[in-house]
Amino acid sequence: MQKKFSAVLYKNTETKQQYHKPYYTPYEDYVSFKNGTNPNFAIVKIKNSNSTQFFREDMPYTKDSDYSGFARFLNERFSEGKVNVYDFACSDGSEAYSIAISLIEEMGEEEAQRFFPIQAIDKDKQIIKKAASGTIECDTVDIENITKNTHGKFDKYFEIIEQNGENYVLKVKEPLKNAVNFKMGKIEDRLDDVEGSNKVVLCRNMWPYLSKESMFKAVLKLSNLDNDSLVVIGNFDRDHEMPSLLPRAFQLIGLKELDNNMLIKDESFERRFSNRNDYIMTPFNSCNYTSN
């Protein structure tokens, strides 16, 4: 019988893009790693991970790390008026900047302003401090993705101030820097700050980082979103071993899937239970998931 093993191993590589792709290994590979005979994998402690990248492939309406489809969707769905975009667990700002660049490239700098500033939030004080400074680290994969998504206009958005092999330090130029506002905080607390109409809440590749209690609080507050609000998650949230806890919880608060990793608050959803807390708590009480 195949022995089951629940840990996640990651390809041990230098580039951020490959490093963050999980490899769900058989138990034998884990044993070889622990014995020091398999150097190709590494266990990443999720709580201390800020691994991210520019133009990740798991954004809705994205193909081959090209964000134009996602930007086009947002532009068509919110054809006028202010759009309030929140990026939780933003890490160093790679994702928020990717979205801002794609919006500018899709609709022009002036029209894109109604989506800005993107509110980028992370609980890591140091990573937010560094992001707010206007510098960001990246690698050659990031450089390639930026160049592709800016149609060769890399210098419009960034200046390379340091290079060491395949690793770079970039200075973020205006107006891109002004398109993102960095704040420190936990999603279960900062969701109270989500306001206005036309809301897009990105909480991507972060749910396995949360304790079950924090996850419950965040889901409960997401249930207060207005109808037609958008919630965006990532592949890491889907693939992590949280059984069906997260999709069940989203379903209970009236979020339905619009596209891969894109959820919409169903306007036909009615809160059928007076005690919403107990109702939403049901799947959390029935699951023994704990954050790594």
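For E159, the conditions (1) out of contact with any strand residue (DSSP E or B) (no Cβ under 7 Å at 6 or more places or on another chain); (2) surrounded by fewer than 14 Cβ atoms within 10 Å (Cβ to Cβ) all hold with the exception of (1). Looking across region 226-256, the residues that are without any contact (Cβ under 8 Å) to a residue 60 or more places away in the chain, crowded, with 19+ Cβ neighbours inside 10 Å and in a loop (DSSP other than H, G, I, E, B) come down to S229, I233, M242, I253, G254. Filtering region 61-73 to residues that are under 18 Å from V231 (Cβ atoms), in a helix (DSSP H, G or I) and touching a helix residue (DSSP H, G or I) at 6+ places or on another chain (Cβ under 7 Å) leaves F70, A71.
Would you confirm whether or not region 203-216 contains a residue that is among the acidic types (D, E), under 16 Å from the mean Cα position of the chain (by Cα) and at pLDDT 85 or above? Scanning region 203-216, I find no residue that is among the acidic types (D, E), under 16 Å from the mean Cα position of the chain (by Cα) and at pLDDT 85 or above, so the answer is no.
Number of residues in region 181-219 that are part of a loop (DSSP other than H, G, I, E, B) and of a type outside the set (K, R): the value is 11. Within the bounds of region 82-99, is there any residue that is surrounded by 14 or more Cβ atoms within 10 Å (Cβ to Cβ), touching a residue at least 12 places away in the same chain (Cβ under 8 Å) and of a type in the set (K, R)? Checked region 82-99: no residue is surrounded by 14 or more Cβ atoms within 10 Å (Cβ to Cβ), touching a residue at least 12 places away in the same chain (Cβ under 8 Å) and of a type in the set (K, R).
The values are calculated or read from the model by the stated rules, or taken from the named source; none is laboratory data. Not measured: the values here are computed from a predicted model. When we count neighbours, we look across all protein chains shown, and the Cβ atoms used for this are built from the backbone with ideal geometry, even at glycine.
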